[in-house]
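**Q** Got a structure for you, written out below as structure tokens; questions coming shortly.
The numbers here are math on the coordinates, done by the rules we state, and not lab data. Treat the numbers as computed from the prediction; the structure is a model and nothing was measured. Cβ coordinates were reconstructed from backbone atoms using ideal geometry, including for glycine residues, and neighbour counts include every protein chain displayed.
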Amino acid sequence: MKEIPEGMWLLLALAETDEDFANLEKKYGKLGGGTGDVSIHDLRAIDIEILQAAVRMSMHTIGKETRDKWDPQLVNHLYKHDEFENDRNPKEKAIDSLLDYLNTGLRFEEVIVQAEWEGAGIILKPLTRTLIAKAWVQLFDAMTDPIPWKICEYCRNPFPIRRKGAVYCSDSCRAGAYKKRKGILK
């Protein structure tokens with residue numbers, strides 16, 4: 001099983017078919033269902049649909065300035081229109097909705113926090129069993145300090161933009177793209 005990408009929450013939000021979800025599960029491990037055997041179709045009907053709605057809602061809370069720095073491909077998929085344009089306090093309503101989604105998802109996926117000592121203080125570390133649970137924690141982290149995201153030009157996974165002009169999510173993708181350009185990889 002491969003290490004869970006930092007953008008698992010976006011990969012799940014962007015996935016559309018049972019095949020997309022099956023490929024994620026094959027690559028990264030069990031999507032959800034705790035210890036039980038749950039079909040991808042059943043997960044999509046509840047768990048993933050709620051996560052996808054939460055990610056769409058998160059696009060309303062980050063603000064236009066941050067959203068404009070995102071990869072347009074991501075924004076076009078996740079932010080169709082302003083659902084709250086006719087509300088008196090649209091951002092407040094979006095935040096309330098996002099918090100409801102987050103709390104529901106974290107509880108439903110049984111995310112547990114454990115206190116640990118790190119550096120000079122205590123931190124809360126989330127413990128998760130499934131990819132969906134990890135995705136909820138990642139969404140929470142992403143909304144704690146919203147930064148723009150982009151699609152890697154090599155592996156097509158979303159990644160946070162930490163420096164201007166970044167096109168690859170990792171050194172291995174940058175090397176892979178170089179090898180592909182030079183004809184070393186096909």
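**Q** Give the peptides 55-61, 175-181 in descending order of average Cβ contacts within 10 Å, highest first.
**A** On the way: 55-61: 21.9, 175-181: 13.6.
Packing order, densest peptide first, comes out as 55-61, 175-181.
**Q** Pairs of Cα atoms under 8 Å, at least six residues apart: use those to get the relative contact order of the chain, whole percent. Don't skip to the end; give the middle numbers.
**A** Numbers: 210 pairs, mean separation 46.7, N = 186.
Relative contact order here is 25 percent.
**Q** Using the count of nearby Cβ atoms within 10 Å as a rough guide to exposure, how do 169, 152 rank from fewest to most? Let's see the in-between values first.
**A** Details: 169 24, 152 21.
With the sparsest Cβ surroundings first, the list reads 152, 169.
**Q** Take the residue pairs 69/91; 64/164; 26/134; 80/164; 64/93; 64/91 and return only those whose Cα atoms are more than 21 Å apart.
**A** Numbers: 69/91 19 Å; 64/164 18 Å; 26/134 16 Å; 80/164 26 Å; 64/93 16 Å; 64/91 11 Å.
Beyond 21 Å between Cα atoms: 80/164.
**Q** For region 106-154, which GluC sites (Glu not before Pro) are in a loop by DSSP, counting at most 12 other Cβ atoms within 10 Å? Present the calculation step by step, with values, prior to reporting the outcome.
**A** Details: sites: 109, 110, 116, 118, 153; in loops: 109, 110, 153.
Those satisfying the criteria are 110.
**Q** Here's a follow-up. Which order do 136, 70, 117 fall in if you start with the one that has the fewest other Cβ atoms within 10 Å?
**A** Least crowded to most crowded, the residues run 117, 70, 136.
**Q** Is the C-alpha gyration tensor of region 8-147 telling us rounded, prolate or oblate? Criteria: a/c under 1.5 is rounded; beyond that, a/b larger than b/c is prolate, otherwise oblate. Intermediate values should be presented prior to the final figure.
**A** Numbers: a/c = 1.76, a/b = 1.17, b/c = 1.50.
It is oblate, given that a/c is not under 1.5 and a/b is not larger than b/c.
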